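Each remark here refers to the structure printed beneath this line.
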Amino acid sequence: MRIDAHQHFWRYQPQEYGWISDQMAVLQRDFLPGDLLPLLQQQQIDGCIAVQARQSLDETLSLLAMADVNPFILGVVGWLPLTSPVLADVLAPLQDLPALRGVRHLVQDEPDPAAWLQQPALEGGMQLIQSRGYVYELLVTHRHLADATTFAARHDDHWLVLDHLGKPDIARGAVHWARQIAPLAALPHVACKLSGLVTEAPGFRWTPALLRPFIEAALEAFGPDRLLAGSDWPVCLLAGEYAQVTELYEQALVSLSDAERAAILGGNACRLYGLQEPDYAPQPH
């Protein structure tokens with residue numbers, strides 16, 4: 001079963017998606033399940049995991065509603081108020097929705113990402129979601145990988161997944177990134193998404209030769225059992241078409257065994273997020 005482990009849907013409203021600047025005009029429109037499905041079909045990808053793109057419970061509920069009526073949305077990584085004392089009350093009505101498989105916060109957009117990760121108010125929220133079997137996705141850049149490592153070491157009761165390889169500094173090269181990522185990758189409960197690389201390339205100008213060393217370094221650091229392939233659609237459209245992005249990862253994995261490729265291209269997502277294959281589909285509530 002092949003799964004796109006990282007993509008987004010939104011009904012575009014400028015005030016709700018402030019991170020989409022005027023330089024990202026291609027993203028300033030709606031992107032909905034009907035837009036993604038033909039792309040998945042063209043690439044013979046069976047389903048996807050929809051990931052939050054703004055700090056909003058409304059968006060989380062919207063993604064879960066989309067999953068109810070689109071069986072190819074196999075899971076949702078939503079936003080929840082992790083630092084709130086009423087988190088348990090917010091989570092209670094969502095726990096019967098099988099599509100909710102993880103939680104994410106836009107840590108990279110915080111004024112001080114390190115301080116956000118270290119705040120005492122986050123501890124109880126992380127303990128709660130991990131105890132309930134939800135994956136937490138880490139969204140940081142290469143500037144805060146050390147802080148992410150400290151955070152991850154404190155929260156080892158369930159899987160943590162690093163998005164977009166921690167947004168490497170492409171210009172400094174894969175050897176530098178491999179040194180940065182090693183302490184985080186050494187934690188056995190941390191996995192990593194092969195996603196978002198094309199938009200980290202300076203000026204969105206990339207070639208497979210530029211990015212492949214980072215994929216090879218990720219394989220060395222995490223191994224094929226802790227990597228997941230994702231497109232980061234529609235954000236990837238800033239730098240390339242859906243097919244180009246999926247082909248970048250597929251071609252970088254050609255030297256692996258069939259079993260290793262199958263794990264990265266879908267099996268690991270099923271295992272880490274608790275998706276049932278092959279006929280899993282969220283049930284209406």
- Per residue solvent-accessible surface (Å²) - the chain, probe of 1.4 Å: 41
- Message: Quick one: 3J(HN,Hα) in Hz for the stretch 212-226, Karplus 6.51/-1.76/1.60 with θ = phi - 60°, rounded, Gly and Pro as x.
- Response: 4, x, 6, 5, 5, 5, 5, 4, 5, 6, 9, x, x, 8, 10
- So which trypsin sites (Lys or Arg not before Pro) in the stretch 1-103 are both in a DSSP loop and have at most 13 other Cβ atoms within 10 Å of their Cβ? R11, R29
- Diffusion coefficient in µm²/s returned for the chain by Stokes-Einstein, Kirkwood Rh over C-alpha pairs, 10 °C and 1.306 mPa s, is 84
- In a Gaussian network model over the chain where Cα atoms closer than 10 Å are linked, find which of A65, A99, A259 has the largest mean-square fluctuation. A259
- Summing -39500 (n - 2.57) over every DSSP H run of at least 4 in the chain, dividing by its residue total and rounding to the nearest 500, the 222 nm mean residue ellipticity is -10500 deg cm²/dmol
- Let me know the shape class of the stretch 130-278, please: from the alpha-carbon gyration tensor, a ≥ b ≥ c as square roots of the eigenvalues, rounded when a/c is under 1.5, otherwise prolate if a/b is greater than b/c, or oblate. oblate
- Note on the structure: With the 8 Å Cα cutoff and a minimum separation of six or more residues, the stretch 3-273 has a relative contact order in percent of 19
- Query: DSSP beta bridges in the stretch 3-273, what fraction antiparallel, as a percent rounded to 5?
  - Reply: 5
- Item | Integer Hz, Karplus 6.51/-1.76/1.60 couplings in order for the stretch 242-255, x for Gly and Pro | 3, 5, 5, 5, 5, 5, 4, 6, 4, 5, 6, 9, 5, 7
- Message: Going by amide H atoms built from the backbone, whose H comes under 5 Å of the H on W233, apart from near neighbours?
- Response: H8
- When only DSSP loop residues count, what GluC sites (Glu not before Pro) in the stretch 180-285 have their Cβ near at most 16 other Cβ atoms within 10 Å? E241
- Longest segment of the chain with no chymotrypsin sites (Phe, Trp or Tyr not before Pro) in a DSSP loop having at most 14 other Cβ atoms within 10 Å? 20-285
- Mind jotting down the distance between the C-alpha centroids of the stretch 132-179 and the stretch 95-116, whole Å? 13
- Under 5 Å, built H, 5+ apart or other chain: amide partners of L194: L228, A229, G230
- Note on the structure: Scalar couplings 3J(HN,Hα) for the stretch 70-77 by Karplus 6.51 cos²θ - 1.76 cosθ + 1.60 (θ = phi - 60°), nearest whole Hz, x for Gly and Pro, are 10, x, 6, 7, 7, x, 10, 10
- Where a ≥ b ≥ c are root eigenvalues of the Cα gyration tensor, a/c under 1.5 meaning rounded, otherwise prolate if a/b exceeds b/c and oblate otherwise, the stretch 18-151 counts as oblate
- Note on the structure: Counting sequence-distant residues (5 or more places) and residues on other chains, those with an amide H built under 5 Å from that of L100 are V76
- Inter-centroid distance (Cα atoms) of the stretch 216-250 relative to the stretch 1-72, Å: 17
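The values are calculated or read from the model by the stated rules, or taken from the named source; none is laboratory data. The structure presented is a predicted model; accordingly, all values stated were derived computationally and were not measured. FYI the Cβ positions are ideal-geometry reconstructions off the backbone, even for glycines, and counts take in every protein chain you see. When the accessible area is computed, the model is the full protein with side chains, heavy atoms only, and any ligands, DNA or RNA have been set aside. Shrake-Rupley method; radii C 1.70, N 1.55, O 1.52, S 1.80 Å.
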